[in-house]
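Everything on this sheet refers to the single structure shown next.
The values are calculated or read from the model by the stated rules, or taken from the named source; none is laboratory data. Worth saying up front: this structure is predicted, and the values here are computed from it rather than measured. Glycine gets a Cβ as well: all are built from the backbone with ideal geometry, and neighbour counts include every protein chain shown. For accessibility, only protein heavy atoms count, side chains too; no ligands or nucleic acids. Shrake-Rupley method; radii C 1.70, N 1.55, O 1.52, S 1.80 Å.
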Amino acid sequence: ADVSALIPTSSDGLMKCVDGRPSDHSAMDGPKSLGGVYAIATNRGVTDIEGLKKICEEVKEKGSVPSCHGDEHAHPAPMGCGFFKLWSQSKLEGIPPPKFDSEEGKAAILEAGGVYECLAGSHEEKVVYINFVEGTTLAPNGDDQAFVVDAWMTGTYNLDVPKYLVAAASTVEQLGGPLKAKLIVPN
């Protein structure tokens with residue numbers, strides 16, 4: 001995508017997973033992060049439900065809708081998020097696994113005012129976009145899938161940037177995703 005494909009984020013937009021598959025939810029103008037709100041939890045070492053709910057409150061305060069997702073293939077469905085699956089199976093180096101399962105995480109996010117989305121189809125992402133243009137994102141396109149990592153949000157949430165980007169790279173690699181990344185930087 002050229003930079004003209006960037007859209008401004010809005011307060012109605014989901015903080016959603018970087019996953020490029022089509023969603024059953026329409027608010028695609030929120031920041032894209034690993035597993036939605038799970039990115040913040042993993043970066044900060046939060047592994048309990050109460051901490052997850054606090055992150056959801058913070059996401060709402062900072063102008064996005066907290067979310068997580070599943071898909072139509074996984075059982076239970078919320079395990080359809082590859083990032084959550086890797087996290088829960090202790091496959092992200094240096095990141096402790098959650099003390100909750102995918103269904104408990106989904107329930108906590110919903111209880112905290114967040115959204116659960118179901119993604120359709122199979123992964124066909126061709127590239128990973130790492131976007132550093134603050135307050136912007138790329139909307140998923142089911143016909144031209146890409147992983148979208150809005151790296152600028154590391155500043156908004158005071159996250160460890162190298163840890164965040166290493167987790168992103170590790171996730172895409174472990175899930176057999178495209179080994180091609182494009183950086184989008186401010187002009």
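Which residue, PRO76, PRO31, PRO22, tops the fluctuation ranking in a GNM of the chain built on C-alpha contacts under 10 Å?
PRO76
Could you check what % of the DSSP bridge pairs in the chain are antiparallel, to the nearest 5?
Once the DSSP bridges in the chain are tallied, antiparallel ones form about 15 percent.
Based on DSSP H runs of at least 4 residues, each adding -39500 (n - 2.57), what is the mean residue ellipticity at 222 nm of the chain after dividing by all its residues, to the nearest 500 deg cm²/dmol?
Rounded to the nearest 500, it is -8500 deg cm²/dmol.
Compute a Gaussian network model of the chain, connecting alpha carbons closer than 10 Å, and tell me which residue from LEU110, LEU175, LEU14 fluctuates the most.
LEU175
Any chance you could count the Lys pairs in region 67-187 whose alpha carbons are under 15 Å apart, treating pairs 8 or more apart or on different chains as valid?
Close lysine pairs found across region 67-187: 6.
Ordering VAL161, VAL172 by accessible area with a probe of 1.4 Å, largest first, what comes out?
VAL161, VAL172
Can you give me the long-range amide H partners of ALA139? Hydrogens built in the peptide plane at 1.01 Å from N, cutoff under 5 Å, separation of 5 or more residues or another chain.
The list, which skips near neighbours in sequence, is ILE7.
If you take the Cα Rg of the chain and divide it by 2.2 N^0.38 Å, with N the number of residues, what do you get?
So the chain has a normalised radius of gyration of 0.91.
With contacts defined as alpha carbon pairs under 8 Å and 6 or more residues apart, what's the relative contact order of the chain in percent?
About 27 percent, as a whole number.
Spin-label point model (7 Å from Cα, Cβ direction): what's the ALA74 to LYS126 distance in nm?
Distance between the two pseudo-spin positions: 2.6 nm.
Classify region 64-169 as rounded, prolate or oblate from the Cα gyration tensor: take a ≥ b ≥ c as the square roots of its eigenvalues, call it rounded if a/c is under 1.5, otherwise prolate when a/b beats b/c and oblate if not.
It comes out rounded by the Cα gyration axes.
Averaging sequence separations of C-alpha pairs under 8 Å and six or more residues apart, then dividing by the length of region 1-109, give the relative contact order as a whole percent.
26 percent
In nm, give the distance between the simple-model label positions of ASP48 and VAL185, each being 7 Å from the Cα along the Cα-to-Cβ direction.
4.2 nm
Could you check the spin-label model distance between ASP101 and SER26? Points 7 Å from the Cα along Cα→Cβ, value in nm.
Label-label distance for ASP101 and SER26, simple model: 3.5 nm.
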